[in-house]
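**Student:** I have a structure I would like to understand better, so I am pasting it below and will then ask my questions one at a time.
Derivation of every value follows stated rules applied to the coordinates shown; laboratory data play no part. On a predicted model such as this, the values are computed, not experimentally measured, just so you know. Every residue, glycine as well, gets a Cβ built from its backbone with ideal geometry; the counts of neighbours run over all protein chains shown.
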Amino acid sequence: MNRTRVLFGVGVVLVLVVSGVWQFSGSTAVAPIEEVSTSTVASNTQAPSSITETPITPPSRPVQASFALAKEDTIASWDFKGAYTGNPELVTKAQNEINRLSGLLATATSSAMILSVGVANQYELLGDGTKQYEYLGRAIQASPENGLPWHNLGVLMERLDALRTARIAYEQATLLQPQLAVYHYAYLEFLIANMKDDTTNIEKAFTAAEKSIGKRQYLIDLRAEWETS
């Protein structure tokens, strides 16, 4: 069953919904809608299916990115078919939004993280993994204590089949903001979909989630799905 997830700004919350532009084969359990309080959200910024390890230097060559990928991971191509790929009108729309957000980012201070995530999201729509990666790195540098760019980095790495690196990024989001259920759900969904035999990390993730957010029904559903998969 396809797992689809979108995170987007609505006032001062991010809402997890089970529909949008990002699809994986994965969890059959349906994540509950969650409201996630954040300190700042860029208005009119689209965050597709994505949420960006320590400061990242933008890669000069996509296949040899300076971000420390896990040893076992390689990325054949950083380009993919984005939601706007092949649609000139939507491509122009994304480029205009990139220009707008980049202009704001040039003088931003407290909003630099969310603006960088916003630019990264536009590049996701265009299918430009290199630039998406770059701006997620900028977001991490701007706000290293926030889990949002780390989550989005996990989504990007999963899409590019750099699964061990994706696992690190998803987990980091849960470590930085353990009170946010959506990050625990996303990490567990990823593990169950891609690494269901990694009992050690899955049990560790369940334990951390239950400690941080309690034994919620969705965690029970995910465990049942994993144990019967």
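**Student:** Among Phe190, Phe80, Phe206, rank each residue by its count of other Cβ atoms within 10 Å, from fewest to most, as a rough exposure measure.
**Tutor:** Phe80, Phe206, Phe190
**Student:** Arrange Lys93, Lys215 by Cβ neighbour counts within 10 Å, fewest through most, would you?
**Tutor:** The most exposed by this proxy come first: Lys215, Lys93.
**Student:** Follow-up. Calculate the spin-label point distance for Thr109 paired with Glu72, positioning each point 7 Å from the Cα along the beta-carbon direction, and give it in nanometres.
**Tutor:** The two pseudo-label positions are separated by 4.6 nm.
**Student:** Could you line up Thr207, Thr200 from fewest to most neighbouring Cβ atoms inside 10 Å?
**Tutor:** By the 10 Å Cβ count, ascending, the order reads Thr200, Thr207.
**Student:** While we're on this one: For the stretch 178-183, in order, what is each residue's ³J(HN,Hα) by Karplus, 6.51 cos²θ - 1.76 cosθ + 1.60 with θ = phi - 60°, in whole Hz (x at glycine and Pro)?
**Tutor:** Taking θ as phi minus 60°, the curve returns x, 7, 8, 4, 4, 6 Hz for the stretch 178-183.
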